[in-house]
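> Quick one: structure below, then a few questions.
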Amino acid sequence: MSKLHLATAIGLVLGLMAFSPQTACGAAARADLGVTRAFARTEAWKAVTSGHTGSATVAIMDNGTTVYAEGFGMADREKGLPVDKDTLFNMGSISKVYVATAIMLLVDDGKVRLDAPAVEYLPDFTMADERYKAITVRMLLNHASGLPGTIGPSSFGFKYNKDFYRDVLAILARSHLKHRPGEFNPYCNDGFTLAEMIVVKVSGMSYLDFLRQRIFVPLDLKYTGTGVGERPEKDLVVARDYTPAGKALPLEVLSLLGSGGLSATAEDICRFADSFAPAGRHILSPASLAEMGKVQPAEINGKLSGDLFSYGLGWDFAELPDFKAQGMHVLGKSGGTGEYNSMLFTVPDKRISVAVIQTGSSGNAMTFALDLLKTYLTEKGLLANAPATVTAPPKGEPIPPELAAYTGYYARNTGPIRVGFDAAANALVVSSLSDGQESRVFSAVFSKGRFHEPHSTYSFATVDGHRSLLGHHPTLNVDSVYAEKIEPLAAPQELAVTVDGRHWLRRNAKAFEGPAIDTFLLASRTNASLPGYVDFSGMIMKVTGPTTAGYPVSNTRDLIELSLDEQDGVTWAWLSGMLFTPADAARTLSGGTASLSIGSAGYNEWLKVGTDAILSFTAPASGRIVVINPDSGPMYDSVTDSGEVFVPAGCFVAVAGEPGDTFGVHAR
């Protein structure tokens with residue numbers, strides 16, 4: 001989400017030259033790891049200097065001892081603080097392994113049963129879909145629950161949302177399941193949020209207190225805690241992310257602690273992973289350790305030709321085919337937030353762990369960590385050295401006519417795509433849809449039963465009536481569902497309100513929500529080629545009634561639902577917890593000064609700029625002002641910007657704050 005421009009990256013590297021290697025790196029490496037150390041440094045600096053990440057931390061633990069730990073880049077540019085091995089980073093979804101461990105501690109205590117219904121421990125958890133009662137605790141931890149994906153609109157930002165649990169339960173009470181519990185396993189944060197709540201409910205402790213008492217202290221995890229923006233230890237250095245323009249972002253906080261809200265050093269993460277090794281320091285029983293390390297399949301597993309992600313309890317990978325072929329059991333977990341990306345691999349039987357965390361969301365932590373693990377295992381003589389092979393580009397073959405049924409529109413969490421074939425080129429063509437326009441994403445040549453492009457291969461499959469495009473991850477040698485087909489409807493319905501070509505303004509965003517304010521303003525439209533479906537800025541939904549729309553597919557992450565309601569002549573749109581009103585209901589600013597006050601409900605207030613103007617603002621300390629161009633996105637955010645800004649006519653000004661807060665917008 002944050003990329004450094006080339007000039008910024010060059011300036012960063014030049015700035016680092018002023019530091020000695022020991023100060024800049026904070027290394028703790030063994031002299032006999034020349035190949036591994038060289039690889040780590042090369043890959044880390046390549047990511048920094050290319051602008052894909054701002055900084056990084058890397059650690060390797062072997063037999064309970066840190067054999068390599070090093071930091072790269074600047075933790076804080078203004079203060080001149082480099083990253084070292086003790087610098088804190090948010091770990092993102094690696095946090096899921098911690099909440100799974102917390103659940104297994106309660107299993108060991110005899111207080112939780114993995115295959116008991118989740119509602120047995122969370123009686124306040126309800127949904128508008130009776131099937132939710134069949135969700136088990138196990139399904140919360142292996143992504144098979146059928147829950148929407150990522151509930152909690154105010155869960156990413158710069159402050160912990162004290163109402164997070166209440167908000168999540170209220171939204172789920174209005175939500176439906178994507179699929180029958182246990183049927184599929186698209187990646188799902190919601191399950192781990194409910195698992196976190198179970199830990200709190202059953203233990204009678206706050207989640208962080210439980211982790212400290214049962215995990216952090218016993219394993220000597222001195223640097224692990226809540227998100228970096230909430231850490232009380234003022235003497236610890238935190239790796240800060242920056243905007244593409246080089247402006248420092250506030251330190252990030254994720255309210256969904258169990259799903260992705262913890263922070264640590266890479267070394268601390270490795271120390272935690274070491275507790276899964278037979279010879280490591282254990283907090284779980286042997287039975288629970290074995291259960292967490294097993295593949296936990298959904299019903300879809302085994303119905304496809306290739307291996308899918310081998311989810312364990314909390315783990316993305318409970319095995320990897322290439323390592324398994326060499327008799328090695330590997331566990332892995334990735335993480336990604338708005339401002340950090342991370343990866344952990346551990347080989348329990350060899351008692352070796354590798355962790356990589358980078359600032360920015362566009363880094364390569366997964367590939368970096370996997371290649372680092374391979375390099376280290378090879379240098380130790382534990383893994384056969386497999387030299388890279390060079391293969392000729394595939395020669396195109398005619399596409400089988402039976403695959404024609406797979407052409408059409410597909411849903412995926414990054415937005416809708418259209419799948420078609422170029423018969424002359426024997427190629428699959430995938431295009432993205434944005435603002436009603438199509439842009440080619442990639443093409444792939446058909447050969448030997450699969451479609452090939454330089455970085456991956458693709459295939460189609462139908463499972464239980466669901467048509468999917470599968471993508472192969474060559475680095476991991478596993479498949480995943482890239483997108484699921486949106487099937488034409490026999491009897492398409494329409495919403496009672498016209499949505500085509502309209503803009504919608506967010507009304508319940510918190511002032512502390514993250515810099516990714518792409519949900520502040522949405523554009524809605526219909527597609528003549530998809531009757532019965534509506535599109536809200538890439539979020540496709542199937543119309544189910546005059547005022548409702550639901551999930552278009554079943555096996556894709558992070559889907560949402562729509563419900564429309566009219567209040568005082570204004571249409572309100574509920575999108576899985578996010579509230580919007582039409583942009584045409586916003587007051588127009590044509591010059592002078594306008595005052596905006598947050599009402600008792602705490603809703604955001606908006607202005608539409610009627611003429612080109614230079615704007616300045618007055619705001620309370622806790623308030624936030626955002627200026628958005630509906631054609632190009634955010635152009636001013638008081639989180640990182642100050643002073644005046646030129647705003648063309650047709651743009652919007654949003655304010656967020658606490659009830660009673662008053663803002664001034666001054667035009668000249």
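Any read-out appearing in this document is the output of simple, stated calculations on the displayed coordinates, not a laboratory observation. Predicted model only: the values in this text are computed from it and were never measured. Using ideal geometry, Cβ is built from the backbone for each residue, glycine included, and neighbour counts are taken over all protein chains shown.
> Of the options 263, 337, 202, report the single residue whose Cα projects farthest towards the positive end of the charge dipole of the chain (beta-carbon charges: Lys, Arg +1; Asp, Glu -1).
The listed residue farthest towards the positive side: 263.
> What ranking, highest mean first, results for peptides 41-53, 309-321 when packing means the other Cβ atoms within 10 Å averaged over each residue?
309-321, 41-53
> Which cross-chain or sequence-distant (5 or more) residues have an amide H under 5 Å from the amide H of residue 241, H modelled 1.01 Å from N in plane?
249
> Amide H of residue 636 versus every other amide H placed in the peptide plane: which residues, excluding those fewer than 5 positions away on the same chain, fall under 5 Å?
627
> For residue 542, which lysines qualify as cross-link partners when the Cα separation must be under 17 Å and same-chain residues fewer than eight apart are set aside?
178, 485
> Amide H neighbours of residue 74 under 5 Å, counting only residues 5+ apart in sequence or on other chains, H built in-plane at 1.01 Å?
Here 83 satisfy the definition.
> Here's something else I'd like to know. Report the net charge of residues surrounding residue 525, where surrounding means a beta-carbon distance below 9 angstrom and charges are Lys +1, Arg +1, Asp -1, Glu -1.
-2
> Can I ask one more? Pull out a ≥ b ≥ c, the square roots of the eigenvalues of the alpha-carbon gyration tensor of the chain, then state rounded if a/c is under 1.5, prolate if not and a/b is larger than b/c, and oblate in the remaining case.
Because its axes are fairly even, with a/c under 1.5, the chain counts as rounded.
> Using +1 at the C-beta of Lys and Arg and -1 at the C-beta of Asp and Glu, which of 554, 514, 529 has the Cα lying farthest in the positive direction of the dipole of segment 502-583?
529
> Now a separate question. Per 10 Å bin from zero, what fraction in whole % of the C-alpha pairs of segment 210-268 is there, up to the bin with the longest pair?
21, 49, 24, 6, 0
> Shape call for segment 92-379 from the C-alpha gyration tensor, a ≥ b ≥ c root eigenvalues: rounded (a/c under 1.5), prolate (a/b greater than b/c) or oblate?
Here segment 92-379 falls in the rounded category.
> Next up: Provide the packing ranking of 597-609, 395-407, 277-289, 95-107, i.e. peptides ordered by the mean count of other C-beta atoms within 10 Å per residue, highest first.
So the peptides 597-609, 395-407, 277-289, 95-107, ranked by packing, come out 95-107, 597-609, 277-289, 395-407.
> Which order do the peptides 459-466, 265-272 come out in when sorted by mean C-beta neighbours inside 10 angstrom, highest first?
265-272, 459-466
> For residue 380, give me every one of the lysines with a C-alpha distance below 22 angstrom, ignoring sequence neighbours fewer than eight places off in its own chain.
324, 350
> Calculate the spin-label point distance for residue 326 paired with residue 565, positioning each point 7 Å from the Cα along the beta-carbon direction, and give it in nanometres.
That separation, rounded to one decimal, is 5.7 nm.
> In debye, nearest 20: dipole of segment 587-667 around its Cα centre with unit charges on the Cβ of K, R (+) and D, E (-)?
Taking the Cα centre of segment 587-667 as origin, the dipole is about 180 debye.
> Is there a pair in 85/333; 79/162; 85/294; 96/133 whose C-alpha atoms are over 25 Å apart, and which pairs would that be?
Violating the 25 Å limit, Cα to Cα: 79/162; 85/294.
> Only Lys, Arg, Asp and Glu count, each charged at its Cβ (+1, +1, -1, -1), so figure out the dipole size of the chain about its Cα centre, rounded to 20 debye.
800
> Something else: Rank the residues 352, 215 as a footprinting-exposure proxy: fewest other Cβ atoms within 10 Å of their Cβ go first.
Listed from fewest to most nearby Cβ atoms, that is 215, 352.
> Sequence neighbours fewer than 8 away in the same chain don't count; with that in mind, list the lysines whose C-alpha is under 17 Å from residue 448.
The reachable lysines, counting only those whose Cα sits under 17 Å from residue 448, are 395.
> Okay, moving on. Order by neighbour count: 571, 57, 588, 640, fewest other Cβ atoms within 10 Å first, most last.
588, 640, 571, 57
> Indicate the gyration tensor shape class of segment 502-583 (rounded, prolate or oblate), computed on the Cα atoms with a ≥ b ≥ c the square roots of the eigenvalues: a/c under 1.5 is rounded; otherwise a/b larger than b/c is prolate and the rest oblate.
oblate
> May I ask which residue of 39, 224, 173 lies farthest towards the positive end of the charge dipole of the chain, with charges of +1 (Lys, Arg) and -1 (Asp, Glu) on Cβ and the Cα centre as origin?
39
> Still on this model: For every other residue with a beta carbon closer than 12 angstrom to the beta carbon of residue 646, add +1 if it is Lys or Arg and -1 if Asp or Glu, then tell me the sum.
Every neighbour counted, the sum reads -1.
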